[in-house]
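Student: Dropping a structure here in structure tokens format, bear with me for questions.
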Amino acid sequence: MKNNKNLLWVMGLMAASFSQAQDLRLNDSCYFERQGVNVLVFSNSFNGGFNDEKNSGIEIIQHGIRAIQGGAVRLNNTPEQWDLVPKMTFRKVDREQGSIEVGLRYDDYDFDSRIVVTAKGEAVEIAVWLDKPVPEKLVGNAGLNLEFLPSRYWLKTFTMDGRLNRFPRYATSQTVARPNSEKPRQFKGFKTYDDRGTGCFVDPLPIETGHSITMAMDDPERMICIHSNDAELKLYDGRMLAQNGWFVLRSILPGGKTGKVVSWMVEPHAVEGWIRKPNIGFCQVGYTPGQPKVSVIELDKNDSPKATASLMRINEDGTVSKAYEGKVDAWGPYYKYNYVKFDFSDVKAPGIYYIQYDTVKTNNFLIDPHVYDKITDATTDVWVPIHMNHMFVNEAYRVWHGEPFKEGYLQAPPSDHFDIHYQGPTTDTKYKPLELIPGLNVGGFFDAGDFDIETGANINVVENLIRAWELFKPSRDETFVSEKQRYVDLHRPDGTPDVLQYIEHGVLNLVAQAEQIGHMASTLSNSVLDNYHHLGDAASITDGLHYDPSLKPYEVSADGKRSGTPDDMWAFTTRNPRLDMRAATMFAAAAHALEGYNDSLAARALKQSKRLMKEAEELLSQRTESKRNNARTGLGGIAATNLQLYIATQEKEYLDVFEKEIWKELDRNLRFSLQTALDAIPYMNEDYRKQLRPYVEQYATYIQDFDRQNPYGVPIGTGNWAGIGPLLSFGTTVCFAHLYYPDIVAKDEVYRTANWLFGCHPYHNYSFVAAVGAARPKLVFYGNNRADFSFIPGNVAPGVLFRKPDHFENFDDWPFLWGQNEGTIAGNTQYIIFGLAFKHIVEEKK
């Protein structure tokens, strides 16, 4: 297999040497290509899930960077995330004509259009065709848009019809207020703005207008020329409406016309002979002396691999010497790039090093026995406590947020939701729509870059932290937590291990849900879209007053306790027995973990565990067998719940059910169920360990198969969210499999996930964990401080996002793409358990 792969690579290099013609041409992946430029035409369509994710339409990858996207017929000057997006009705590639045609439709307005993109030498023509005129309601709103990444263009020059200008670093153009009746409908009828009773929305005015624009003349890798003979070009700054907005070039479609109504000639500049700089993947945290040390080097398909690479040592006197020179081994092609590997495992002497491949040098890193000692500290000390809901969180001179949602949570009425939640036709509770559900504003964690409590994610949080506590008893105490005062202070010890306090905080909210609602809510989330996208102090999302519909909007009652502002958070309570089963598992584990620390909360958790498991089983039994099995398989099944109940109570009935069900679950889904089976080992006899052994052997084969699938040897996600969750789950299971079966899963295997996390991955070699890494962790993340182009230490990015058909990316100058930059509470606590297990293994023979 390896020989065949290398042969394909050599043939590809030969083909590349004959394909240096500079005209854009359709390639085998059905996009336009010339050296240094890719033009994609709806290889990625608007998916409608989170609407405009800035990953769709006509996209231009220029010198390896996808800085232009969103080419489509749009209904707004500067589309926001929740503005309507077109549905792609067809996509036709015509190789003979050198064109791609796409059909677009807006169902809300019964409006169809076609976009035809045709290669024209070094440029493409983008043309909009209409078979019927623009609907009257959309005349003046429908237009051809193309969007440009601000961080790649701000402070760059541009010229419009010969007039010189410069892209602004910050949004400072002009706007106009227009009647709400003139604004096109937004996603599901929601509104992204609060008009404060004015009846108007804000619309940006263009920075410049004309017929010919050249951008970034001062940056050859970003320069692009766009010209239109039949339409006026208007340049807007989308950041006037939203911090995640892009620069937008736009031409309005004329009313009353059909046929070819707008056309642009678009010529992205290509640096002659451009070859992408090698991306030398390595572990930014460093390496222990005895571990495998393999750098994966990502190469442009037009690049010729070098025979060797070197490991350079920085000596104590500041001089540099060559510590090792070794051959570079070809791995082969993977999507659009080629890959080679440099193995320097023979170097074991502690010191400061960097890798040099040809003329490219990495930043320095350490080889030292202690490089992994602190990899989880930023996450446990900073990121997790900052995301504690219903608390005032302080760090030295800084207040991260005040106490949010003092007014509590209202029963959600039947509704669809902008964050893909749903409240069914009934509440499934004793509460009426918009009635206050008492006692929910306690405990819990913000989900991610937003401020809701995702129940499923919070269940994961508690389970991850309990696993860490039960197995490794981390005693680190760097956070003051007072549930009574609702106050958190970072870097102040209080005499209690932080992880135990985080478990308690998570359980407080989840138990309150079970007790007050009767089952688990799907989420506690925003009721209105205009505060869902809030950036700033969580305590200022709502006014802190109970909503009273009898009051006028923005009116406050005489006693100062109620307002007519409908900003209160909602509890979405449609019952899901699968979620209840997950909660039952978590509550049983929590009862055991909290025993002796908070006995009353432990007792409440155990009571809810038994009740929810019984009720969930009854509800699931009413489903067909296939649906029942799918529900159990997708959630760890009833084996996990009964295991945790057995651990908490030592009652044999739960053990009997576990021993009956675990083997079925392993047979149904080994990859998902093995972790549960491994968790049971400390509580089972030797016969159980022997019976589990063949399953671990199967899993070992699964691990090693990744060396064939990709050059990095780990599961790589190719969905609309980068694959950090499955990767961390994989890494954790590998660690536990090694701990219990070291003769089957070797110690070397546990380094796979760490290498990827800390820099050995596609696109760039930055660590995906904020503030963790030798000299180059990522600098921007999609956190709740993303508007500051910053990060919260310990955040774990989703990773490299795959864009069809062959492009990986992870922006480190633009935080607003959640699929590649948003850390979540579930993922980050999953990182904690992985990190603790990994460190335990690394330290075994230190």
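Student: Within segment 221-263, track down each residue that is within 23 Å of THR175 (Cα to Cα), within 37 Å of the chain's Cα centre (by Cα) and either in a loop (DSSP other than H, G, I, E, B) or not assigned by TED's automatic domain parsing to the domain that holds VAL116 (or both).
Tutor: Listed by number, the residues that qualify are LEU241, ALA242, GLN243, ASN244, GLY245, TRP246, LEU253.
Student: Can you say whether ARG582 is charged (D, E, K, R), touching a residue at least 60 places away in the same chain (Cβ under 8 Å) and surrounded by 24 or more Cβ atoms within 10 Å (Cβ to Cβ), as far as the supplied structure shows? Even if it seems obvious, please write down each step before you answer.
Tutor: On the way: charged (D, E, K, R): yes; touching a residue at least 60 places away in the same chain (Cβ under 8 Å): yes; surrounded by 24 or more Cβ atoms within 10 Å (Cβ to Cβ): yes.
In short, yes.
Student: On the given criteria, is LEU84 within 34 Å of the chain's Cα centre (by Cα), crowded, with 20+ Cβ neighbours inside 10 Å and over 26 Å from GLN62 (Cβ atoms)?
Tutor: Yes, satisfied.
Student: Now for a separate question. Within 30 Å of LEU551 (Cβ to Cβ) and not small (Gly, Ala, Ser): does that describe ASN180?
Tutor: Numbers: within 30 Å of LEU551 (Cβ to Cβ): yes; not small (Gly, Ala, Ser): yes.
In short, yes.
Student: Examine segment 556-574 for a residue that is part of a loop (DSSP other than H, G, I, E, B), within 30 Å of ALA640 (Cβ to Cβ) and not assigned by TED's automatic domain parsing to the domain that holds ASP195, and state whether such a residue exists. Steps first, please.
Tutor: Within segment 556-574, the subset part of a loop (DSSP other than H, G, I, E, B) is 557-561, 564-568, 573-574.
Adding the requirement that they be within 30 Å of ALA640 (Cβ to Cβ) leaves 573-574.
Then drop every residue that is not not assigned by TED's automatic domain parsing to the domain that holds ASP195, which leaves 573-574.
Taking every residue of segment 556-574 in turn, at least one turns out to be part of a loop (DSSP other than H, G, I, E, B), within 30 Å of ALA640 (Cβ to Cβ) and not assigned by TED's automatic domain parsing to the domain that holds ASP195.
Student: Regarding ALA539, is this residue farther than 17 Å from THR649 by Cα and assigned to a helix (DSSP H, G or I)?
Tutor: Working: farther than 17 Å from THR649 by Cα: yes; assigned to a helix (DSSP H, G or I): yes.
Here the answer is yes, as ALA539 does meet what is asked.
Student: Under 7 Å between Cβ atoms, at least 6 apart or on separate chains: pull out the pairs that start in segment 281-310 with a residue that is free of Cβ contacts under 8 Å to residues at least 40 places away in the same chain and among the hydroxyl-bearing types (Ser, Thr, Tyr) and end on any residue that is in a strand (DSSP E or B) and surrounded by fewer than 23 Cβ atoms within 10 Å (Cβ to Cβ).
Tutor: THR308/GLU325; THR308/GLY326; THR308/LYS327; THR308/VAL328
Student: Can you tell me which of ARG467, ARG476 is in contact with a helix residue (DSSP H, G or I) (Cβ under 7 Å, 6 or more places away or on another chain), basic (Lys, Arg) and surrounded by fewer than 20 Cβ atoms within 10 Å (Cβ to Cβ)?
Tutor: ARG476
Student: Turning to a different aspect of this structure: Looking only at segment 797-833, count how many residues are over 26 Å from GLU53 (Cα atoms) and over 18 Å from the mean Cα position of the chain (by Cα).
Tutor: Within segment 797-833, residues that are over 26 Å from GLU53 (Cα atoms) and over 18 Å from the mean Cα position of the chain (by Cα) number 1.
Student: Residues in segment 781-789: is at least one under 23 Å from LYS361 (Cα atoms), among the basic types (Lys, Arg) and assigned by TED's automatic domain parsing to the domain that holds GLU843? Before the answer, list the steps.
Tutor: Of segment 781-789, the ones under 23 Å from LYS361 (Cα atoms) are none.
So far as segment 781-789 goes, no, none of its residues is under 23 Å from LYS361 (Cα atoms), among the basic types (Lys, Arg) and assigned by TED's automatic domain parsing to the domain that holds GLU843.
Student: Another question, then. Since THR362 meets every condition but one in (1) hydroxyl-bearing (Ser, Thr, Tyr); (2) more than 32 Å from the chain's Cα centre (by Cα); (3) surrounded by 21 or more Cβ atoms within 10 Å (Cβ to Cβ), which condition does it not meet?
Tutor: Single failed check for THR362: (2).
Student: Being in contact with a Lys or Arg (Cβ under 9 Å, 6 or more places away or on another chain), over 15 Å from GLN243 (Cα atoms) and touching a residue at least 12 places away in the same chain (Cβ under 8 Å) is the filter here, so list the residues in segment 166-188 that pass it.
Tutor: PHE167, ASN180, LYS183, PRO184
Student: Out of all the residues in segment 198-220, which are of a type in the set (A, V, I, L, M), assigned to a strand (DSSP E or B) and closer than 14 Å to VAL176 by Cβ? It would help to see each step written out before you state the result.
Tutor: Let us first name the residues in segment 198-220 that are of a type in the set (A, V, I, L, M), namely 202, 205, 207, 213, 215-217.
Among the residues that remain, those that are also assigned to a strand (DSSP E or B) are: 202, 213, 215.
Within segment 198-220, VAL202 is the sole residue that qualifies.
Quick grid of which residues meet (1) within 30 Å of LYS484 (Cα to Cα); (2) modelled with pLDDT of 95 or more; (3) among the aliphatic types (A, V, I, L, M):
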residue	(1), (2), (3)
LYS361	no, yes, no
MET388	yes, yes, yes
ALA396	yes, yes, yes
ASP416	no, no, no
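Student: Right, another one. Quick one: which of THR733, THR718 is assigned to a helix (DSSP H, G or I) and β-branched (Val, Ile, Thr)?
Tutor: Working: THR718 fails: assigned to a helix (DSSP H, G or I).
One residue alone meets the criteria, THR733.
Student: Which residue, of ARG152, ARG169, ARG178, is surrounded by fewer than 21 Cβ atoms within 10 Å (Cβ to Cβ) and under 32 Å from the mean Cα position of the chain (by Cα)? Lay out the reasoning, then the answer.
Tutor: Details: ARG152 fails: surrounded by fewer than 21 Cβ atoms within 10 Å (Cβ to Cβ); ARG178 fails: under 32 Å from the mean Cα position of the chain (by Cα).
Criteria check complete, one pass: ARG169.
Student: Another one. Looking only at residues that are buried (at least 21 other Cβ atoms within 10 Å of the Cβ) and touching a Lys or Arg at 6+ places or on another chain (Cβ under 8 Å) in segment 734-762, which one is nearest to CYS283 (Cα to Cα)?
Tutor: The residue in question is GLY759.
Student: Pull up segment 387-404, narrow it to residues that are of a type in the set (A, V, I, L, M, F, W, C) and surrounded by 23 or more Cβ atoms within 10 Å (Cβ to Cβ), then point me to the one that is farthest from SER522 (Cα to Cα). Step through it out loud before you land on a result.
Tutor: From segment 387-404, those of a type in the set (A, V, I, L, M, F, W, C) are 388, 391-393, 396, 399-400; that's our starting set.
Retained after the next criterion (residues that are surrounded by 23 or more Cβ atoms within 10 Å (Cβ to Cβ)): 388, 391, 393.
Values: MET388: 19, MET391: 22, VAL393: 26 Å.
Applying the filter and picking the extreme gives VAL393.
Student: Does GLY439 count as of a type in the set (Gly, Ala, Ser), within 22 Å of HIS401 (Cβ to Cβ), outside any helix (DSSP H, G or I) and modelled with pLDDT of 95 or more? Outline the logic, then answer.
Tutor: On the way: of a type in the set (Gly, Ala, Ser): yes; within 22 Å of HIS401 (Cβ to Cβ): yes; outside any helix (DSSP H, G or I): yes; modelled with pLDDT of 95 or more: yes.
So GLY439 passes the test.
Student: Related question: When the residues of segment 781-822 are filtered to those that are of a type in the set (Phe, Trp, Tyr) and within 23 Å of ARG169 (Cβ to Cβ), which remaining residue is surrounded by the fewest Cβ atoms within 10 Å (Cβ to Cβ)?
Tutor: Of the residues in segment 781-822, the ones of a type in the set (Phe, Trp, Tyr) are 781-782, 789, 791, 802, 808, 811, 814, 816, 818.
Restricting the remaining residues to those that are within 23 Å of ARG169 (Cβ to Cβ) gives 781-782, 789, 791, 811, 814, 816.
Values: PHE781: 30, TYR782: 26, PHE789: 15, PHE791: 25, PHE811: 22, TRP814: 20, PHE816: 24.
That would be PHE789.
Student: Scan ILE60, ILE65 and give me the residue that is touching a helix residue (DSSP H, G or I) at 6+ places or on another chain (Cβ under 9 Å) and β-branched (Val, Ile, Thr). Explain how you work it out, then say what you get.
Tutor: Values: ILE60 fails: touching a helix residue (DSSP H, G or I) at 6+ places or on another chain (Cβ under 9 Å).
It is ILE65.
Student: Right, SER212: small (Gly, Ala, Ser) and touching a His at 6+ places or on another chain (Cβ under 9 Å) or not?
Tutor: Details: small (Gly, Ala, Ser): yes; touching a His at 6+ places or on another chain (Cβ under 9 Å): yes.
Criteria met by SER212.
Student: Among the candidates VAL745, VAL696, VAL714, single out the residue that is aliphatic (A, V, I, L, M) and either outside the structural domain of HIS840 (by TED's automatic domain parsing) or within 28 Å of the chain's Cα centre (by Cα) (or both).
Tutor: On the way: VAL745 fails: either outside the structural domain of HIS840 (by TED's automatic domain parsing) or within 28 Å of the chain's Cα centre (by Cα) (or both); VAL696 fails: either outside the structural domain of HIS840 (by TED's automatic domain parsing) or within 28 Å of the chain's Cα centre (by Cα) (or both).
None of the other options fit; the residue is VAL714.
The values are calculated or read from the model by the stated rules, or taken from the named source; none is laboratory data. Bear in mind the structure is a predicted one, so any value in this text is a computation, not a measurement. So basically every Cβ, Gly included, is an ideal-geometry build from the backbone, and we count neighbours across all protein chains shown.
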